[in-house]
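Shown next, in structure tokens, is the structure this report addresses.
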Amino acid sequence: MTNSPLVSIVTPSFNQAVYLEETIQSVLNQDYEPIEYIIVDGGSTDGSVEIIQRYAKKLGWWISEPDQGQTDAINKGFAHAQGEILAWLNSDDTYLPGAIREAVDYLKSQPQVGMVYGNANLVDESGRVIGEFPARQTDYQRLRRGYVHIPQQAAFFRTALWREVGPLDPTFYFAMDYDLWGRVARIAPLHYYPRLWANFRLHQSGKSVISDERCWPEMVRVHYREGGSWLSPLVIKGRIRPIVYSWLPLRLRVWLRSMLR
């Protein structure tokens with residue numbers, strides 16, 4: 001493709017062999033070139049390394065070594081990335097056909113936009129669609145109020161902005177994406193493009209399920225760091241959310257978490 005910017009995709013992974021190959025194939029089978037695909041594995045022992053090795057010749061870079069977790073792995077991958085556009089795709093999620101091409105086309109047509117994000121399906125362990133992430137347009141002020149509505153799996157942003165606001169804060173385990181979106185939105189527009197670009201997998205061992213209670217306290221940390229008030233809607237949501245969340249089934253938990261964010 002003429003005048004096509006290099007897109008760097010980073011996949012952080014640790015012991016996700018059951019899903020990893022599907023993730024890899026969803027990147028490598030995109031109808032866009034050029035793509036630099038980077039996999040940062042945290043020292044898996046479940047066969048993940050053998051899967052990565054099968055695709056090594058198609059990867060821009062990969063490594064398997066102990067790390068400090070997902071945030072550290074993403075930072076490590078972006079430190080090696082050479083692309084003009086960046087994204088990360090977790091090792092249990094997948095891209096849908098045409099996602100990268102459409103995201104690049106949008107960013108090329110809207111040079112003032114710093115990040116574009118689309119829609120994402122919610123899928124179960126077997127890949128069956130069980131819902132849709134409630135993506136909506138947001139901005140810096142709405143992010144500060146906890147109105148996120150950005151499916152991380154379907155977000156693409158410019159490397160120039162990453163160099164200004166990155167890296168991810170390694171003290172965050174869950175809300176590092178929320179923190180990054182706010183830093184990007186403070187200096188450039190975020191645009192929601194209502195196209196279906198990714199699958200967000202929900203499973204009982206997934207971080208979004210087993211560690212969700214850590215998300216809102218981290219978001220509140222960002223809020224206070226930015227000078228926010230304790231009367232903010234974000235703080236209030238963070239206090240009432242656990243009361244209504246704990247008794248809900250998995251699918252409704254994710255939907256509610258997304259709506260409250």
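The values are calculated or read from the model by the stated rules, or taken from the named source; none is laboratory data. Only a predicted model underlies this, so the values are computations on that prediction, with no experimental measurement involved. Ideal geometry is used to build each Cβ from the backbone, glycine not excepted, and the neighbour counts take in all protein chains shown. Heavy atoms of the whole protein, side chains included, go into the accessibility calculation; ligands, DNA and RNA do not. Shrake-Rupley method; radii C 1.70, N 1.55, O 1.52, S 1.80 Å.
Against the criterion of being open to solvent by less than 20 Å² (accessible area, probe 1.4 Å) and either within 16 Å of Arg101 (Cβ to Cβ) or over 19 Å from the mean Cα position of the chain (by Cα) (or both), Ala87 qualifies. Scanning the stretch 91-110 for residues that are assigned to a loop (DSSP other than H, G, I, E, B) and closer than 17 Å to Asn3 by Cβ yields one hit, Gln110. On the stretch given as the stretch 4-45, residues that are open to solvent by less than 10 Å² (accessible area, probe 1.4 Å) and hydrophobic (A, V, I, L, M, F, W, C) total 9. Among the residues in the stretch 183-197, are any of a type in the set (Gly, Ala, Ser), at pLDDT 70 or above, in a helix (DSSP H, G or I) and within 30 Å of Pro5 (Cβ to Cβ)? Yes; the residues of the stretch 183-197 include at least one that is of a type in the set (Gly, Ala, Ser), at pLDDT 70 or above, in a helix (DSSP H, G or I) and within 30 Å of Pro5 (Cβ to Cβ). In the stretch 205-220, is there at least one residue being at pLDDT 80 or above and touching a Leu at 6+ places or on another chain (Cβ under 9 Å)? Within the stretch 205-220, one or more residues are at pLDDT 80 or above and touching a Leu at 6+ places or on another chain (Cβ under 9 Å). Scan the stretch 50-65 residue by residue and report those that are under 12 Å from Leu20 (Cβ atoms), in contact with a strand residue (DSSP E or B) (Cβ under 6 Å, 6 or more places away or on another chain) and open to solvent by less than 30 Å² (accessible area, probe 1.4 Å). Selection gives Ile52 alone.
Listed by first and then second residue, the pairs with beta-carbon distance under 6 Å, at least 6 apart or on different chains, first residue in the stretch 159-170 and more than 10 Å from Val184 (Cα to Cα), second among the hydroxyl-bearing types (Ser, Thr, Tyr) and surrounded by 17 or more Cβ atoms within 10 Å (Cβ to Cβ), are Leu168/Thr71; Pro170/Thr71.
For the stretch 150-168, enumerate the residues that are buried (at least 18 other Cβ atoms within 10 Å of the Cβ) and either in a loop (DSSP other than H, G, I, E, B) or basic (Lys, Arg) (or both). Within the stretch 150-168, Ile150, Pro151, Arg158, Gly166, Leu168 qualify.
Residue count for the stretch 122-142 satisfying the condition of being open to solvent by less than 60 Å² (accessible area, probe 1.4 Å), part of a strand (DSSP E or B) and β-branched (Val, Ile, Thr): 2. In the stretch 56-80, the residues that are in a helix (DSSP H, G or I) reach residues that are open to solvent by 30 Å² or more (accessible area, probe 1.4 Å) with C-beta atoms within less than 6 angstrom, at least six apart or across chains, in these pairs: Lys58/Leu28; Thr71/Pro170; Asp72/Pro170; Ala73/Asp67; Asn75/Pro167; His80/Trp61.
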